[in-house]
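Student: Starting off with a structure, shown below.
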Amino acid sequence: YSSKCIKPRSFSRFSRNITIPAIGSKAKLLINGEFIDSQADTFTKVINPATQEVVSLVPQATQKELDEAVLSAQHAFKTWKKTSILSRQGVMLRFQHLIHEHLDTIAKNIVTEQGKVMNDARGDVTRGLQVVENLGGLPDYMLGTRLEVSRDMDTYTIREPLGVVGGICPFNFPAMIPLWMFPVALATGNTMVLKPSEKDPGAALMLAELAIEAGIPKGALNIVHGTKPTVEFMVNDPAIKAISFVGGDAAGKAIYTGATANGKRAQCNTGAKNHGIILPDANKDHAINALVGAAFGAAGQRCMALSTAVFVGESAEWIDELVEKAKLLKVGSGFNPDVDVGPMISIDALKRAESLVESAKTEGANIILDGRNPTVEGFPNGNFLAPTIIDNVTPNMQCYQQEIFGPVLIILRANTLQEAIDIVNSNMYGNGSAIFTQSGANARLFQENIESGNVGINVPIPVPLPMFSFTGNKASFFGDTNFYGRSGINFYTQLKTITSLWRHEDVQSSKPSVNMPTMK
Ligand code: NAD
């Protein structure tokens, strides 16, 4: 590339160890390439959900620190946007290598801060890593179009970055969601201010350290902390041109409304109530295993958890077997390799889930597996809820109307596939749904008529790989340009269309034309 281009920082072939903060220490901000202590006077405690131990303290960044983060991103943008596409791609290739190398360290931090079991935490990092790996195809994604529109006249498009963009993350995928955001934003030439969840910021900080090691320049990625005040700053600061958000409904709606009113692009992935329809012609073992894994894995704290089963006709006879399989799951600390279901993120989240289970009982549903107050040896203080299954739920019940976001599977019944599809489509959310069947015709009917954005056919958690995009719809998504894949590239870039005239011969000057040029 041209010597005028800014070269990314050099990359050491032998990466150093990643920083593991001491227990109880204060989470650092990343501003202008330096990890610094905040001057904050308020902090949120990051609590190990299996033990209630304070892992770290997350500052509410001060106004000065937030301003500095944006200024540093603005400054870095001036040069980062001019780097060649191959050098930015090179940084991402080195970054994916470093994530591979440190995958277990990041996963361990996720188990400590978030609670999910180690193998699932590795999956959290890996699904984000795949987004970085997919940026190996960056030049192809960034290709423009060109057409000779008239004699000697060409029109062509260039994809340009937006400037400083903001990312706001939820607690449930501390690595995957930051990796949906900043690698795509940076690879396309933007700089970013990222706010991890105040409940588990450790993985994002580790990933930022690796991104710096991979060669991103000072200020290209800034990490700020805090809660609503930090988010409001990001939504309102005019220097931030676009907001990527993943999290719950209340924050998502407020952020989308605020950001778009301020003239920003916004993509906000929000809550979900994902349904699995089980037809009597399904492969029984596959369907039951898939339901158990997708309902209770990650303690049900996945936006694509299959939290609602709709059994059609005789498939309801399999419910007893489903309960027996769910009972076999072991609850406990995510560091125990035999454990399947870790703790929920907080005592509040646990209490909320327990009370929704209780409300189902009051409203007339049957709790056929009650996982409340399990005994977990060695972890008496953890936020544990063992797999819970509620049968005979109807759509008017609170446990159906709210996202429980815990290891709770609710069951509805339908007489026909069409009735089941109607139930799913009546729900306000449209994140994901799945069907279990061995009939191609039924699968086709489902695919055509279901209103969810991520659809599984005999696949329980159809989170698309990063050559596609994550396409939730209805109340699960506010915006029109999705995360990662080609959509992600489109979100973080804008088109410039150039029409040029280069003529070999001298242009014969006649008189000026005042007519609208038609280029014919
Ligand atoms: P949350 O909305 O509580 O927090 C998400 C982020 O928003 C955090 O960074 C938080 O600090 C901030 N925030 C919280 N309340 C706010 C407010 N009132 N105003 C402004 N900002 C606020 O979400 P969570 O509990 O961390 O995550 C769980 C939720 O995220 C679930 O609803 C889940 O379905 C959803 N989620 C959706 C997807 C998806 O792709 N659709 C993926 C993961 C998680």
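Student: Do the alpha carbons of any pairs in Lys199/Lys253; Lys81/Lys228; Lys26/Lys78; Lys228/Lys474; Lys116/Lys241; Lys108/Lys228 sit beyond 22 Å of each other, and which pairs?
Tutor: Long pairs (Cα-Cα over 22 Å): Lys81/Lys228; Lys26/Lys78; Lys228/Lys474; Lys116/Lys241; Lys108/Lys228.
Student: At 1.4 Å probe size, with the rest of the protein present, what percent of the exposed accessible area of segment 253-408 is carbon and sulfur atoms?
Tutor: Result for segment 253-408: 48 percent of the exposed heavy-atom area is carbon or sulfur.
Student: For the pair Lys327 and Lys82, how long in nm is the line joining their label points, each one 7 Å along Cα→Cβ?
Tutor: Distance between label points: 7.0 nm.
Student: Using the heavy atoms of the protein chains alone and a 1.4 angstrom probe, what is the accessible area of the chain per residue in square angstrom?
Tutor: Per-residue value: 43 Å².
Student: Compare the peptides 195-208, 364-377 by average per-residue count of other Cβ atoms within 10 angstrom and give them in order, highest first.
Tutor: Packing order, densest peptide first, comes out as 195-208, 364-377.
Student: Now a separate question. Please list, short to long, the whole-number percent of alpha-carbon pairs of segment 352-472 in consecutive 5 angstrom bins beginning at zero.
Tutor: Result returned by the calculation: 2, 10, 17, 18, 17, 15, 11, 6, 3, 1, 0.
Student: Report the per residue volume, in Å³, of the convex hull enclosing the C-alpha atoms of segment 439-520.
Tutor: 243
Student: Counting only the heavy atoms of the protein chains, how much of Asp422 is accessible to a 1.4 Å probe, in Å² to the nearest 10?
Tutor: Answer for Asp422: close to 80 Å² accessible.
Student: Also, I was wondering about something else. Per residue, what volume in Å³ does the Cα convex hull of segment 124-261 take up?
Tutor: Spelled out: Cα convex hull of segment 124-261, divided by residues, is 139 Å³.
Student: Take every Cα-Cα distance within segment 42-130, group them into 5 Å bins from 0 onward, and report for each bin the whole-number percent of pairs it holds.
Tutor: The percentages, shortest bin first, are 3, 12, 13, 13, 14, 18, 17, 8, 2, 0.
Student: Run the 1.4 Å probe and let me know the accessible area of Thr51, rounded to the nearest 10 Å².
Tutor: 50
Student: Please compute the modelled spin-label separation between Thr145 and Asn236, points set 7 Å along Cα→Cβ, answer in nm with one decimal.
Tutor: According to this spin-label approximation, the distance is 4.1 nm.
Student: What residues have an amide H closer than 5 Å to that of Gly276, excluding those fewer than 5 places away on the same chain, when H is modeled at 1.01 Å from N in the peptide plane?
Tutor: The answer is Thr308, Ala309, Val310, Ala434.
Student: Measure off 7 Å from each Cα along the Cα-to-Cβ vector at Ser359 and Glu160, then give the distance between these two points in nanometres to one decimal.
Tutor: So the label points at Ser359 and Glu160 sit 5.0 nm apart.
Student: Run the numbers for Ile498 and Ser510: contour at 0.36 nm per residue of separation, minus the present Cα-Cα distance, in nm.
Tutor: So the chain would gain 1.9 nm between Ile498 and Ser510.
Student: Quick check: residue separation of His100 and Asn119 times 0.36 nm, minus the Cα distance between them. What number comes out in nm?
Tutor: Contour length minus the Cα-Cα distance gives 5.4 nm.
Student: Among 395-404, 157-166, how do they line up by average Cβ neighbours within 10 Å per residue, starting with the highest?
Tutor: 157-166, 395-404
Student: Further question on the same structure: How large is ³J(HN,Hα) for each residue in segment 241-258, as worked out from phi by the Karplus curve 6.51 cos²θ - 1.76 cosθ + 1.60 (θ = phi - 60°), to whole Hz, x for Gly and Pro?
Tutor: 8, 8, 10, 9, 9, 9, x, x, 5, 4, 5, x, 5, 5, 5, 4, 5, x
Student: Distance from the Cα centre of segment 111-136 to that of segment 196-266, in angstrom?
Tutor: Cα centroid to Cα centroid, the span is 19 Å.
Student: D for segment 326-406, whole µm²/s, Stokes-Einstein with Kirkwood Rh over alpha-carbon pairs at 20 °C and 1.002 mPa s: what number?
Tutor: 162
Student: Could you tell me the extents of segment 269-320's C-alpha atoms along the three principal axes, largest first, rounded to whole Å?
Tutor: That gives 34, 16, 16 Å along the principal axes, largest extent first.
Student: Moving on. Which whole number in µm²/s is D for segment 233-373 by Stokes-Einstein, with the Kirkwood Rh taken over Cα pairs at 10 °C and 1.306 mPa s?
Tutor: 89
Student: While we're on this one: Just to compare against my own numbers: the Cα pair-distance distribution for the chain, 20 Å bins, whole % per bin, please.
Tutor: With a bin width of 20 Å, the distribution comes to 22, 50, 23, 4, 0.
Student: How would Tyr156, Tyr492 line up by accessible area, probe 1.4 Å, largest first?
Tutor: Tyr156, Tyr492
Student: Here's something else I'd like to know. What is the mean projected area of the alpha carbon convex hull for segment 155-201, to one decimal in square nanometres?
Tutor: Result: a mean projected hull area of 3.6 nm².
Student: I've got another one for you. Taking 0.36 nm per intervening residue step and subtracting the Cα-Cα distance, what contour gain separates Gln402 from Asp281 on full extension?
Tutor: Length gained, Gln402 through Asp281: 40.6 nm.
The values are calculated or read from the model by the stated rules, or taken from the named source; none is laboratory data. Note that the coordinates shown come from a computational prediction; the quantities given were computed from them, not determined experimentally. Note that each Cβ is placed from the backbone with ideal geometry, even for glycine, and that neighbours are counted across all protein chains shown. Heads up: the accessible areas ignore ligands, DNA and RNA and are worked out on the full protein's heavy atoms, side chains in. Shrake-Rupley method; radii C 1.70, N 1.55, O 1.52, S 1.80 Å.
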